[in-house]
Amino acid sequence: MKKYRILVGIIMALSIIIIGTSEPAKNLYKASNLISKGIKVDDKKKIEKDILICIDPGHQEKGDSNSEPVAPGSYVKKARVSSGATGVATKKPEYILNLEASTVLKHILEGKGYKVIMTRESHDVNISNSERAIFANNNKADMVVRVHADSLNNPGKTGASILIPAKESKYTTAIYEDSQNCANLISSKMKEAGIKVNGVFERSDLTGFNWSQVPVVLVEMGFLSNYTEDQMMSNPEYQTKLMQAISDGLDEYFANK
Ligand SMILES: [Zn+2]
């Protein structure tokens, strides 16, 4: 009888070890972990990709008005980084919204098998726009997605915009084509998802673009200065829809690379 108990004990201990280390159990844990964060991931669809995406959640808690060159070797200088706009309805600062949405994007992309790095994962940092670009350069990111929200004096203005480096700028000619292709694909995926997009716009005045040696897009998710759009951008469902569309655009871009 005693022997029998010991045998049962050994079998139970072994099965606990086997179940604990098995892949399905680990995957279940991983999936439930993601679901608890509000994102459902179908593990079957997950394909390991060797693609590195750098997400840059725009701004930070405290701006830094010290200046930095707007481009490598340029005499033109701009503030290192600002704290961004504030939502008219939610009163939420842009740097908080940007990190919220960026975190959703990170989980979606990781669920699809992308490798993801973030320029910041907290608010209390001091990383200038050129430093953010250099971080992506040093890590040889395959694409940088900068996440921002717009603001204007005109409260009626709504819609997302996608900014890309300028074709004619000597600093960004090399990264223009890839950035533009990716921006156009993100734009069409957003439109397919029913999101209003104002267009893809070239910018030669942004420090974060001029220092970049890797393709980069900046998504202005919508207008914090519009009462309804401000609230929409803080809605987890809308955030997920928006970030899903960005990830679908990236899928298409890398599928055609
Ligand atoms: Zn911004």
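The values are calculated or read from the model by the stated rules, or taken from the named source; none is laboratory data. Just so you know, these numbers come straight off a predicted model, no measurement behind them. FYI the Cβ positions are ideal-geometry reconstructions off the backbone, even for glycines, and counts take in every protein chain you see. What goes into the accessible areas is simple: the full protein's heavy atoms, side chains included, and nothing from ligands, DNA or RNA. Shrake-Rupley method; radii C 1.70, N 1.55, O 1.52, S 1.80 Å.
For (1) at pLDDT 95 or above; (2) of a type outside the set (A, V, I, L, M, F, W, C); (3) out of contact with any Lys or Arg (no Cβ under 8 Å at 6 or more places or on another chain), each residue gets a yes or a no:
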residue: Lys191; (1), (2), (3): yes, yes, yes
residue: Lys196; (1), (2), (3): yes, yes, yes
residue: Val200; (1), (2), (3): yes, no, yes
residue: Arg203; (1), (2), (3): yes, yes, yes
residue: Gly208; (1), (2), (3): yes, yes, no
residue: Gln213; (1), (2), (3): yes, yes, yes
residue: Tyr227; (1), (2), (3): yes, yes, yes
residue: Pro236; (1), (2), (3): yes, yes, yes
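Is it the case that Tyr95 is part of a loop (DSSP other than H, G, I, E, B), under 25 Å from Leu206 (Cα atoms) and at pLDDT 50 or above? No. Any idea which of (1) without any contact (Cβ under 8 Å) to a residue 40 or more places away in the chain; (2) open to solvent by 10 Å² or more (accessible area, probe 1.4 Å); (3) closer than 19 Å to Leu109 by Cα is the one Gln180 doesn't satisfy? The one condition Gln180 does not meet is (3).
The number of residues in segment 100-119 that are buried (at least 22 other Cβ atoms within 10 Å of the Cβ) and within 14 Å of the ligand (Cβ to nearest atom) comes to 3. Whenever a residue of segment 63-90 is farther than 15 Å from Ala133 by Cα, its partners that are more than 16 Å from the ligand (Cβ to nearest atom) and basic (Lys, Arg), lying with C-beta atoms within less than 7 angstrom and at least six residues away or across chains, give the pairs Ser67/Lys77. Put simply, of Lys140, Lys92 the only residue that is away from the ligand (no atom under 16 Å from the Cβ) and basic (Lys, Arg) is Lys140.
Quick check: anything in segment 193-201 closer than 19 Å to Lys112 by Cβ and open to solvent by 10 Å² or more (accessible area, probe 1.4 Å)? Looking for residues that are closer than 19 Å to Lys112 by Cβ and open to solvent by 10 Å² or more (accessible area, probe 1.4 Å), one finds at least one in segment 193-201, hence yes.
The residues of segment 185-194 that are without any contact (Cβ under 8 Å) to a residue 60 or more places away in the chain and more than 17 Å from the chain's Cα centre (by Cα), listed by number, are Lys191, Glu192, Ala193, Gly194. When segment 45-88 is filtered for residues that are within 16 Å of the ligand (Cβ to nearest atom), open to solvent by 30 Å² or more (accessible area, probe 1.4 Å) and either of a type outside the set (S, T, N, Q) or in a strand (DSSP E or B) (or both), the ones remaining, listed by number, are Glu61, Lys62, Gly63, Ser65, Lys78, Ala79, Arg80, Gly84, Thr86, Val88.
Restricting attention to segment 131-141, does a residue exist that is surrounded by fewer than 23 Cβ atoms within 10 Å (Cβ to Cβ) and β-branched (Val, Ile, Thr)? Yes: one or more hits.
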